[in-house]
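Trainee: Sharing a structure with you now.
The values are calculated or read from the model by the stated rules, or taken from the named source; none is laboratory data. This structure is a prediction, so every number in the text was calculated from the model and none was measured. Don't worry about glycine lacking a Cβ; one is built from the backbone with ideal geometry, like all the others, and counts go over all protein chains shown. Just so you know, the surface numbers come from the protein's heavy atoms only, side chains and all, with ligands and any DNA or RNA stripped out. Shrake-Rupley method; radii C 1.70, N 1.55, O 1.52, S 1.80 Å.
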Amino acid sequence: MIADLAPAAGTLRLAPALDRPDLLAEPVAAALAALPDDLAASCGVAEIDPDLADTAAFCEAYGSPPEASANCVVVAGSRSGEQRFAGCVVLATTRADVNTVVRRRLDVRKASFAPMDVAVELTGMAYGGITPFGLPASWPLLVDAAVLAARAVVVGSGIRASKLVVPGAVLGRLPGAEATEALGR
Amino acid sequence: MLLQVPVFEYLDYYLSMLIWIVAIPLGLYAFIHALLQRADAFTAVDKLTKPAWCGITGVGALLLVISVGGPVASLAILWLVALCAVLVYLVDVRPKVVEVQQGGRW
(Lines give C-alpha, C1' and ligand atoms only; values in the text may rest on other atoms or scores of the structure.)
Protein backbone atom coordinates (compact mmCIF):
# COMPACT_ATOMS: atom_id res chain seq x y z
CA MET A 1 0.00 0.00 0.00
CA ILE A 2 2.83 2.38 0.61
CA ALA A 3 3.53 2.26 -3.13
CA ASP A 4 0.63 4.75 -3.45
CA LEU A 5 2.79 7.30 -1.67
CA ALA A 6 5.33 7.53 -4.49
CA PRO A 7 4.31 11.01 -5.77
CA ALA A 8 5.37 12.61 -2.47
CA ALA A 9 8.34 10.41 -1.73
CA GLY A 10 10.77 11.73 -4.33
CA THR A 11 13.95 9.69 -4.13
CA LEU A 12 13.20 8.33 -0.65
CA ARG A 13 13.06 4.57 -0.12
CA LEU A 14 9.95 4.08 1.98
CA ALA A 15 9.44 1.31 4.49
CA PRO A 16 6.12 0.55 6.21
CA ALA A 17 6.11 2.84 9.25
CA LEU A 18 4.79 0.08 11.50
CA ASP A 19 7.94 -1.97 10.78
CA ARG A 20 10.34 0.79 11.75
CA PRO A 21 9.39 2.24 15.16
CA ASP A 22 13.11 2.97 15.57
CA LEU A 23 12.66 5.79 13.04
CA LEU A 24 9.85 7.42 15.04
CA ALA A 25 9.78 9.45 18.24
CA GLU A 26 8.06 7.56 21.05
CA PRO A 27 4.71 9.46 21.07
CA VAL A 28 4.61 9.22 17.27
CA ALA A 29 5.06 5.44 17.27
CA ALA A 30 2.33 5.16 19.90
CA ALA A 31 -0.07 7.31 17.87
CA LEU A 32 0.57 5.24 14.77
CA ALA A 33 -0.02 1.99 16.63
CA ALA A 34 -3.31 3.37 17.96
CA LEU A 35 -4.70 3.94 14.46
CA PRO A 36 -6.93 1.33 12.81
CA ASP A 37 -4.70 -1.30 11.18
CA ASP A 38 -5.48 -0.44 7.56
CA LEU A 39 -4.72 3.25 8.10
CA ALA A 40 -1.48 2.57 9.95
CA ALA A 41 -0.42 0.16 7.22
CA SER A 42 -0.82 2.89 4.60
CA CYS A 43 1.89 5.03 6.24
CA GLY A 44 5.50 4.93 5.13
CA VAL A 45 8.70 6.11 6.74
CA ALA A 46 12.17 6.85 5.38
CA GLU A 47 15.48 7.72 6.93
CA ILE A 48 16.90 11.13 5.94
CA ASP A 49 19.93 13.28 6.70
CA PRO A 50 18.97 15.16 9.90
CA ASP A 51 20.64 18.29 8.52
CA LEU A 52 18.08 18.27 5.73
CA ALA A 53 14.96 17.99 7.90
CA ASP A 54 13.72 21.53 7.26
CA THR A 55 11.13 21.54 4.50
CA ALA A 56 12.93 23.63 1.89
CA ALA A 57 16.19 21.71 2.27
CA PHE A 58 14.37 18.38 2.37
CA CYS A 59 12.38 18.98 -0.82
CA GLU A 60 15.45 20.15 -2.67
CA ALA A 61 17.63 17.24 -1.59
CA TYR A 62 15.14 14.42 -2.07
CA GLY A 63 13.19 15.67 -5.08
CA SER A 64 9.91 15.81 -3.19
CA PRO A 65 7.50 18.50 -4.42
CA PRO A 66 6.83 21.23 -1.79
CA GLU A 67 3.07 20.93 -2.38
CA ALA A 68 3.37 17.33 -1.12
CA SER A 69 4.85 18.40 2.21
CA ALA A 70 2.72 19.43 5.17
CA ASN A 71 4.05 21.57 8.00
CA CYS A 72 2.87 21.19 11.56
CA VAL A 73 3.07 24.24 13.78
CA VAL A 74 2.11 24.57 17.42
CA VAL A 75 0.01 27.63 18.18
CA ALA A 76 -0.49 28.95 21.70
CA GLY A 77 -2.87 31.41 23.28
CA SER A 78 -4.14 32.08 26.74
CA ARG A 79 -7.53 32.76 28.22
CA SER A 80 -7.98 33.80 31.85
CA GLY A 81 -4.55 32.51 32.76
CA GLU A 82 -5.04 29.14 31.12
CA GLN A 83 -2.63 28.30 28.30
CA ARG A 84 -4.24 26.73 25.25
CA PHE A 85 -2.47 24.96 22.44
CA ALA A 86 -3.39 23.61 19.04
CA GLY A 87 -1.57 21.74 16.32
CA CYS A 88 -2.02 23.19 12.83
CA VAL A 89 -1.23 21.31 9.65
CA VAL A 90 -0.96 23.15 6.35
CA LEU A 91 0.71 22.43 3.03
CA ALA A 92 4.28 23.69 2.89
CA THR A 93 3.29 25.99 0.04
CA THR A 94 0.87 27.84 2.32
CA ARG A 95 1.08 29.48 5.74
CA ALA A 96 -1.23 28.94 8.68
CA ASP A 97 -3.67 31.78 9.25
CA VAL A 98 -2.90 32.02 12.96
CA ASN A 99 -4.42 35.41 13.56
CA THR A 100 -7.96 34.61 12.48
CA VAL A 101 -8.80 30.94 11.97
CA VAL A 102 -6.70 29.46 14.77
CA ARG A 103 -7.29 32.30 17.17
CA ARG A 104 -11.04 31.92 16.80
CA ARG A 105 -10.91 28.14 17.28
CA LEU A 106 -8.83 28.45 20.43
CA ASP A 107 -11.15 31.21 21.62
CA VAL A 108 -8.27 33.38 22.80
CA ARG A 109 -7.60 37.07 22.32
CA LYS A 110 -4.13 36.56 20.95
CA ALA A 111 -2.62 33.51 19.30
CA SER A 112 1.05 33.07 18.56
CA PHE A 113 3.51 30.37 17.64
CA ALA A 114 4.49 28.45 20.74
CA PRO A 115 8.13 29.14 21.59
CA MET A 116 10.30 26.33 20.27
CA ASP A 117 11.45 25.11 23.67
CA VAL A 118 7.86 24.93 24.93
CA ALA A 119 6.71 23.06 21.83
CA VAL A 120 9.56 20.59 22.10
CA GLU A 121 8.95 19.99 25.79
CA LEU A 122 5.16 19.52 25.52
CA THR A 123 5.28 17.24 22.49
CA GLY A 124 8.33 15.12 23.28
CA MET A 125 9.43 15.65 19.68
CA ALA A 126 12.57 17.16 18.23
CA TYR A 127 12.91 20.67 16.87
CA GLY A 128 12.21 20.46 13.16
CA GLY A 129 10.51 17.08 13.48
CA ILE A 130 7.19 18.09 15.03
CA THR A 131 4.37 16.12 13.46
CA PRO A 132 0.58 15.84 13.82
CA PHE A 133 1.02 12.21 14.96
CA GLY A 134 1.18 11.91 18.74
CA LEU A 135 0.49 15.49 19.82
CA PRO A 136 -0.90 15.82 23.36
CA ALA A 137 -4.43 14.39 23.44
CA SER A 138 -6.05 17.54 24.81
CA TRP A 139 -4.98 19.68 21.84
CA PRO A 140 -7.28 20.28 18.89
CA LEU A 141 -5.51 19.33 15.67
CA LEU A 142 -6.54 21.65 12.86
CA VAL A 143 -5.88 20.13 9.46
CA ASP A 144 -6.29 22.21 6.34
CA ALA A 145 -8.74 20.74 3.83
CA ALA A 146 -6.07 20.75 1.12
CA VAL A 147 -3.90 18.48 3.26
CA LEU A 148 -6.74 16.02 3.79
CA ALA A 149 -7.37 15.91 0.06
CA ALA A 150 -3.75 15.16 -0.81
CA ARG A 151 -3.03 11.60 -1.95
CA ALA A 152 0.27 11.60 -0.11
CA VAL A 153 1.99 14.12 2.14
CA VAL A 154 5.36 14.25 3.85
CA VAL A 155 5.20 15.08 7.57
CA GLY A 156 7.68 14.91 10.42
CA SER A 157 8.31 11.77 12.42
CA GLY A 158 9.12 13.38 15.76
CA ILE A 159 12.85 13.18 15.02
CA ARG A 160 14.98 14.96 12.44
CA ALA A 161 16.50 11.80 11.03
CA SER A 162 13.39 10.56 9.23
CA LYS A 163 10.12 11.58 7.55
CA LEU A 164 6.70 10.01 7.48
CA VAL A 165 4.84 9.87 4.17
CA VAL A 166 1.13 9.30 4.61
CA PRO A 167 -2.15 9.65 2.70
CA GLY A 168 -3.57 13.06 3.59
CA ALA A 169 -6.84 11.52 4.75
CA VAL A 170 -5.05 9.65 7.56
CA LEU A 171 -4.35 12.95 9.29
CA GLY A 172 -8.09 13.55 9.54
CA ARG A 173 -8.43 10.32 11.52
CA LEU A 174 -5.97 11.29 14.24
CA PRO A 175 -7.40 11.98 17.72
CA GLY A 176 -8.67 15.56 17.96
CA ALA A 177 -8.39 16.19 14.23
CA GLU A 178 -10.69 18.83 12.79
CA ALA A 179 -10.94 19.47 9.06
CA THR A 180 -10.50 23.20 8.68
CA GLU A 181 -11.23 25.21 5.55
CA ALA A 182 -8.90 28.06 4.69
CA LEU A 183 -6.44 27.32 7.48
CA GLY A 184 -3.56 27.69 5.05
CA ARG A 185 -3.21 30.81 2.94
CA MET B 1 23.78 88.84 14.69
CA LEU B 2 23.03 85.21 15.32
CA LEU B 3 20.86 84.95 12.26
CA GLN B 4 23.83 85.56 10.04
CA VAL B 5 25.55 82.34 11.15
CA PRO B 6 25.45 79.97 8.10
CA VAL B 7 23.96 77.16 10.18
CA PHE B 8 20.69 79.02 10.30
CA GLU B 9 20.80 80.04 6.71
CA TYR B 10 21.00 76.39 5.69
CA LEU B 11 18.82 75.01 8.44
CA ASP B 12 16.62 73.04 6.04
CA TYR B 13 19.68 71.45 4.52
CA TYR B 14 21.17 70.39 7.83
CA LEU B 15 17.84 69.11 9.05
CA SER B 16 17.27 66.90 6.06
CA MET B 17 20.90 65.77 6.24
CA LEU B 18 20.32 64.74 9.84
CA ILE B 19 17.17 62.78 8.96
CA TRP B 20 18.93 61.08 6.08
CA ILE B 21 21.90 60.02 8.25
CA VAL B 22 19.57 58.55 10.87
CA ALA B 23 17.48 56.84 8.18
CA ILE B 24 20.33 54.77 6.71
CA PRO B 25 20.93 52.54 9.74
CA LEU B 26 17.16 52.28 10.28
CA GLY B 27 16.73 51.00 6.74
CA LEU B 28 19.53 48.46 7.06
CA TYR B 29 18.21 47.31 10.41
CA ALA B 30 14.68 46.84 9.04
CA PHE B 31 15.98 44.80 6.11
CA ILE B 32 18.13 42.52 8.28
CA HIS B 33 15.32 42.13 10.79
CA ALA B 34 12.87 41.09 8.07
CA LEU B 35 15.36 38.55 6.72
CA LEU B 36 15.72 36.86 10.11
CA GLN B 37 12.03 36.25 10.82
CA ARG B 38 10.27 32.98 10.13
CA ALA B 39 8.22 33.20 6.97
CA ASP B 40 4.89 32.12 8.41
CA ALA B 41 4.98 34.83 11.09
CA PHE B 42 4.08 37.42 8.45
CA THR B 43 1.02 35.51 7.30
CA ALA B 44 0.08 34.84 10.89
CA VAL B 45 -0.37 38.54 11.59
CA ASP B 46 -2.11 39.34 8.29
CA LYS B 47 0.79 41.19 6.71
CA LEU B 48 2.36 40.91 3.29
CA THR B 49 4.61 37.86 2.90
CA LYS B 50 8.18 37.67 4.08
CA PRO B 51 9.66 38.01 0.57
CA ALA B 52 7.50 41.10 0.02
CA TRP B 53 8.72 42.79 3.18
CA CYS B 54 12.31 41.77 2.57
CA GLY B 55 11.95 43.38 -0.86
CA ILE B 56 10.38 46.57 0.45
CA THR B 57 12.90 47.09 3.23
CA GLY B 58 15.79 45.92 1.04
CA VAL B 59 15.00 48.33 -1.78
CA GLY B 60 14.32 51.02 0.82
CA ALA B 61 17.71 50.51 2.45
CA LEU B 62 19.39 50.48 -0.95
CA LEU B 63 17.75 53.76 -1.99
CA LEU B 64 18.81 55.36 1.28
CA VAL B 65 22.39 54.20 0.89
CA ILE B 66 22.81 55.19 -2.77
CA SER B 67 21.47 58.69 -2.30
CA VAL B 68 25.09 59.62 -1.51
CA GLY B 69 24.66 62.97 -3.16
CA GLY B 70 23.09 63.95 0.10
CA PRO B 71 19.49 64.39 1.08
CA VAL B 72 18.65 67.22 -1.29
CA ALA B 73 20.16 65.81 -4.46
CA SER B 74 18.01 64.64 -7.35
CA LEU B 75 17.05 61.43 -5.53
CA ALA B 76 15.47 63.38 -2.70
CA ILE B 77 11.95 62.14 -3.34
CA LEU B 78 13.07 58.54 -3.59
CA TRP B 79 14.84 58.39 -0.27
CA LEU B 80 11.91 60.03 1.46
CA VAL B 81 9.61 57.36 0.02
CA ALA B 82 12.09 54.70 1.12
CA LEU B 83 12.15 56.12 4.63
CA CYS B 84 8.36 56.00 4.82
CA ALA B 85 8.31 52.34 3.76
CA VAL B 86 11.00 51.46 6.29
CA LEU B 87 9.12 53.27 9.05
CA VAL B 88 5.92 51.38 8.23
CA TYR B 89 7.85 48.14 8.66
CA LEU B 90 9.48 49.21 11.92
CA VAL B 91 6.39 50.73 13.50
CA ASP B 92 3.61 48.44 12.30
CA VAL B 93 4.93 45.12 11.02
CA ARG B 94 7.97 44.45 13.20
CA PRO B 95 6.24 44.56 16.62
CA LYS B 96 3.45 42.24 15.47
CA VAL B 97 5.79 39.76 13.82
CA VAL B 98 7.93 39.68 16.95
CA GLU B 99 4.91 39.24 19.20
CA VAL B 100 3.41 36.34 17.30
CA GLN B 101 6.70 34.51 17.73
CA GLN B 102 6.71 35.40 21.43
CA GLY B 103 10.26 36.55 20.94
CA GLY B 104 11.25 32.90 20.55
CA ARG B 105 13.03 31.64 17.46
CA TRP B 106 12.09 28.38 15.79
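Trainee: Taking the Cα centre of each part, how many Å lie between segment B:43-59 and segment A:107-124?
Mentor: Value for the Cα centre distance between the two parts: 23 Å.
Trainee: Further question: If all Cα-Cα distances of the protein assembly as shown are sorted into 10 Å bins from 0 onward, what percent lands in each bin, rounded to whole numbers?
Mentor: 7, 25, 27, 17, 11, 7, 4, 2, 1, 0
Trainee: According to a simple spin-label model (label point 7 Å from Cα along Cα-to-Cβ), what is the distance in nm between B:V65 and A:V118?
Mentor: Here the answer is 3.7 nm between the modelled labels.
Trainee: Going by average Cβ density within 10 Å per residue, which order do the peptides A:150-159, B:21-30 take, highest to lowest? Before the final figure, lay out the partial values.
Mentor: On the way: A:150-159: 24.8, B:21-30: 17.9.
The most tightly packed comes first, giving A:150-159, B:21-30.
Trainee: For segment A:2-175, report the accessible area per residue in Å² (1.4 Å probe, heavy atoms, rounded to an integer).
Mentor: Value for segment A:2-175: 42 Å² per residue.
Trainee: Okay, next question. In segment A:2-175, carbon and sulfur make up what percent of the accessible area (probe 1.4 Å)?
Mentor: The value for segment A:2-175 is 51 percent carbon and sulfur by accessible area.
Trainee: Can you tell which of A:F133, A:A119, A:V28 lies farthest toward the positive end of the dipole of segment A:2-175, using +1 and -1 charges on the Cβ of basic and acidic side chains (Lys, Arg; Asp, Glu)?
Mentor: A:A119
Trainee: To the nearest whole number, what is the average tally of beta carbon atoms from other chains within 10 Å of the beta carbons of peptide A:90-96?
Mentor: 2
Trainee: What distance in nm lies between label points placed 7 Å from Cα along the C-beta direction at A:A149 and A:Q83?
Mentor: Modelled inter-label distance: 3.6 nm.
Trainee: Follow-up. Segment A:2-98: which trypsin sites (Lys or Arg not before Pro) are DSSP loop and have at most 16 other beta-carbon atoms within 10 angstrom? Write out the running numbers ahead of the final one.
Mentor: Values: sites: A:R13, A:R79, A:R84, A:R95; in loops: A:R13, A:R95.
Filter output for segment A:2-98: A:R13.
Trainee: Using only protein heavy atoms and a 1.4 angstrom probe, determine the accessible area buried between A and B, summed over both sides, in Å² to the nearest 100. All intermediate terms of the calculation are to be shown ahead of the outcome.
Mentor: Numbers: alone 8670 and 6870 Å², together 14080 Å².
The A and B chains share an interface burying roughly 1500 Å².
Trainee: Still on this model: P(r) of segment A:14-152 in 5 Å steps, Cα pairs, percent per bin?
Mentor: Reading the bins upward from 0: 2, 9, 17, 21, 22, 16, 8, 4, 1, 0.
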